[in-house]
Each structure stands twice: as C-alpha cells, then as structure tokens.
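> Take this structure, written in structure tokens, and hold onto it; I'll ask about it next.
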Amino acid sequence: MKHEIPDRAPATIADDLLTWFDRHGRHDLPWQHPRTPYRVWVAEIMLQQTQVTTVIDYFQAFMARFPDVETLAAAPSDDVMAHWAGLGYYARARNLHAAAQQVVGEYDGVFPRDVETLMTLPGIGRSTAGAVVAQAFGIWAPILDGNAKRVIARLAGITAAPGSAAYEKPLWQLAERYTPHERVTDYTQAIMDLGATLCTRRRPNCPACPLAATCVACIDGLQVDIPAPRKKRARPQRETTMLVIEDEAGRLLLEKRPPTGIWGGLWSLPEIEAGADIAEVCRERFGIEAAPGSALAPIEHGFTHFLLTLHARRVQYRRTVRIMDGDFAWYRRDERPGLPAPIVRLLDSPQLKLNL
DNA sequence: AAATCGGGGAC
DNA sequence: GTCCCAGATTT
C-alpha cells in the first residue's frame with residue numbers, strides 16, 4: 001500500500017498560515033497567558049473532544065483551585081473529579097490527577113520536554129504530547145488534533161476514511177513536513193485556529209483562507225467530501241434505575257461510581273438493577289432500613305452512543321441498622337460533590353426541589 | 001480496526 | 001433532532 005503525498009511547498013504553507021494567524025488567530029485564550037507547561041497541559045486535556053467555549057470556564061475554575069502541578073498532585077481525588085463534573089470523559093480527570101502525581105514524584109515537578117517521555121504519562125497521546133512540547137517549550141513537534149487533521153486532509157486531498165491507516169499515516173507524515181522550525185508555537189496554534197474558524201467541518205470559508213490557492217479540496221470542490229463523513233449508527237436504548245434517599249437530617253445518599261464505564265469515578269445516585277428488591281438493597285448495601293416510595297418522572301438523556309432513560313425512585317428512610325463500608329456517603333444539599341449533568345437536573349427539578 | 005467514553009455548541 | 005469537537009485507551 002503506497003500513499004501519494006503531494007509536496008505543497010511546506011515553507012510557503014507555514015509562512016502563509018503564520019501571516020494569517022498574526023491578524024486573525026486567537027491570541028488571548030486563558031492558557032496562553034501565562035503559557036506555562038502545567039497550564040498548557042491541563043488545557044490540552046480539557047480540550048480533548050471538548051470545544052474551546054466549553055473549556056474556558058472550567059479551565060479558570062480549575063486553575064483557581066489547582067494553580068500548579070504540586071497542588072493538583074496533592075489534592076483529593078474527589079476534589080479533582082468535582083472540578084471536572086459536567087465536562088465529560090471522566091477518565092481524563094483521573095489520568096490528569098495520576099499524571100500530576102507522576103510528574104511530581106518522578107520528575108520533581110518539572111514537565112518532560114520531549115514527546116516520547118510525555119507520552120508515558122496517562123492521558124497523553126502523540127498529539128497532546130506534541131502540543132505541550134510545541135506550545136509550552138517552543139520545541140519543534142507536530143500536532144494532529146481534529147482541526148489539523150481536517151486542514152491537512154483537505155490541503156492534500158486525502159479522501160480515505162477517518163480512522164483508517166490510509167488516512168492517519170499520511171496525515172502524520174504531512175503534519176511533520178508542514179511544521180516549521182521557526183515559530184512552532186504560533187504555527188501549532190495557527191493550524192488549529194484555521195480549522196476552528198475557517199476550515200470548519202461544514203461550509204468552510206475558503207475565500208478567506210490563506211491556503212486556498214494550493215488546497216486540493218478547494219481547487220477540486222471536495223470540501224464536503226473531506227473528511228469523509230462517518231457512517232451513522234443506530235443508538236441503542238438503555239434503561240436504569242436510581243434511588244433518591246434522604247435521611248432524617250435531610251441529607252442525600254450518594255454513591256461513587258466505579259472508575260470505568262459511564263460517569264466513571266463520579267459521585268451519583270445509587271444505581272440498582274431493574275426489578276431489584278429496594279428494601280433489600282438498602283439493607284445489604286447501605287445498612288439502612290428503608291421502604292420504596294414513589295417513582296419520579298423518568299429523565300431522558302442522550303449520550304453519543306446510546307439513549308438512556310433514568311428511572312428515579314424515592315425511598316423512605318427509616319433508620320440506620322448497621323454501619324457499612326462502601327463507596328457511599330450522605331451529602332447535604334449545600335455540599336454536593338460533582339454530579340453527572342442529568343442527576344443535577346433531576347435533583348434540581350421542581351418535583352424534588354420542594355422536599356429535598 | 002473498532003469500541004468506549006459525554007457533554008454541549010452549532011446548525 | 002443530528003453532527004462532531006485541541007483524543008486516548010482498550011479490545
């Protein structure tokens with residue numbers, strides 16, 4: 001299998017891109033001022049599969065609470081997760097925390113300056129490592145995030161399906177070739193900015209693009225074909241049941257979810273199997289005597305891969321029979337940990353707000 | 001190579 | 001409603 005890589009005069013591409021970036025690029029993102037390795041790294045992790053506008057507020061709050069890698073490494077896991085609640089992809093937060101502890105423990109709190117070493121940290125792949133190296137240290141390294149992929153694929157006319165080797169391999173090759181040795185920090189920001197603002201997935205603004213003259217997709221009118229659209233897949237429907245239990249002091253029983261799977265590592269309402277004996281579960285799992293109460297209106301939540309119907313069931317707390325060991329705890333209303341968005345909606349819904 | 005993991009912005 | 005985003009990790 002051979003891939004034809006057109007030579008698009010790399011130096012010219014970088015020059016044109018940088019000239020455009022100086023006028024039209026994004027120069028005041030929070031992680032650019034100050035642009036420390038720690039801030040760049042946290043931003044890069046947050047920006048995985050999450051758009052800039054969503055990340056900004058989370059980033060500011062995260063930096064206020066965890067201003068440096070030592071603070072993050074020493075922080076309780078629940079605190080880190082709470083600051084991630086609502087961002088999604090919670091494995092990112094657990095990896096971030098573990099990586100911080102690794103940087104402090106193994107590298108004395110100083111971030112490695114090379115792609116290879118950075119990639120040994122959990123949650124850092126080739127593109128994120130490249131971004132940290134280029135943006136935080138100004139050292140040459142290619143990046144290949146979603147924006148760069150789209151820009152380069154169109155530029156070179158790569159029509160292979162995203163995810164295939166025929167797509168990924170040439171893109172990395174071209175990413176290396178285009179990345180200049182001068183102004184590598186600005187270049188990596190520039191190619192992402194171009195993808196985010198001009199070379200968008202739908203209706204790219206080719207007339208305003210500094211690379212249009214040598215772009216295969218633009219010249220051949222292939223903008224809608226590159227990148228090739230993904231196959232759509234039917235989203236299965238799933239159901240789950242959760243319990244709303246408050247004790248005599250009005251505190252809410254929450255349970256920490258297992259580290260993998262949906263909402264991994266996040267606190268949530270206790271989940272039970274459909275048809276389970278609620279009183280028995282309460283006794284065995286939580287050591288409380290309780291009776292099933294009314295069912296609340298089901299909550300619908302759409303994930304990328306499936307649709308979830310959440311059946312919440314009120315439970316009447318009587319008394320604590322036995323102190324149990326487990327990943328659950330009673331939380332007051334005003335000290336809630338980070339919770340999944342649909343759970344927050346449920347707890348703040350009018351039907352519960354009255355009594356909770 | 002394909003599946004998993006999630007929330008929200010944009011349309 | 002649909003699509004997809006500054007992807008990494010597991011299978």
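> Give all pairs with beta carbons closer than 9 Å in which a residue from segment A:37-51 that is touching a residue at least 24 places away in the same chain (Cβ under 8 Å) and open to solvent by 40 Å² or more (accessible area, probe 1.4 Å) meets a residue that is in a loop (DSSP other than H, G, I, E, B) and aliphatic (A, V, I, L, M); count only pairs at least 6 apart in sequence or on separate chains.
Taking only residues 6 or more apart or on different chains, not a single pair turns up.
> Also, quick follow-up: Can you tell me which residue within segment A:302-315, out of those that are open to solvent by 40 Å² or more (accessible area, probe 1.4 Å) and closer than 15 Å to residue A:269 by Cα, is farthest from the chain's Cα centre (by Cα)?
Residue satisfying both the conditions and the ranking: A:314.
> Can you tell me which residues in segment A:78-110 are among the aromatic types (Phe, Trp, Tyr) and under 23 Å from residue A:55 (Cα atoms)?
A:84, A:89, A:90
> Out of (1) out of contact with any helix residue (DSSP H, G or I) (no Cβ under 7 Å at 6 or more places or on another chain); (2) in a strand (DSSP E or B); (3) among the small types (Gly, Ala, Ser), the odd one out for residue A:276 is which?
Going through (1) out of contact with any helix residue (DSSP H, G or I) (no Cβ under 7 Å at 6 or more places or on another chain); (2) in a strand (DSSP E or B); (3) among the small types (Gly, Ala, Ser) one by one, residue A:276 breaks only (2).
> Let me ask another. Taking the condition farther than 20 Å from residue A:335 by Cα and within 16 Å of the chain's Cα centre (by Cα), does residue A:101 pass?
No, not satisfied.
> Assuming residue A:139 fulfils every condition listed in (1) in contact with a Lys or Arg (Cβ under 7 Å, 6 or more places away or on another chain); (2) buried (at least 22 other Cβ atoms within 10 Å of the Cβ); (3) closer than 23 Å to residue A:46 by Cα apart from one, which condition is it?
Failed condition: (2).
> For residue A:54, only one of the following conditions fails: (1) out of contact with any helix residue (DSSP H, G or I) (no Cβ under 8 Å at 6 or more places or on another chain); (2) more than 17 Å from residue A:132 (Cβ to Cβ); (3) more than 8 Å from DNA strand C (Cβ to nearest atom); (4) of a type outside the set (Phe, Trp, Tyr). What is its number?
Every condition holds for residue A:54 apart from (3).
The values are calculated or read from the model by the stated rules, or taken from the named source; none is laboratory data. Here the structure is a predicted model, which means the values were calculated and not measured. Heads up, the Cβs are rebuilt from the backbone with ideal geometry, glycines too, and the neighbour counts pull from every protein chain shown. Quick note on the areas: whole protein, heavy atoms, side chains included, nothing else; ligands and nucleic acids left out. Shrake-Rupley method; radii C 1.70, N 1.55, O 1.52, S 1.80 Å.
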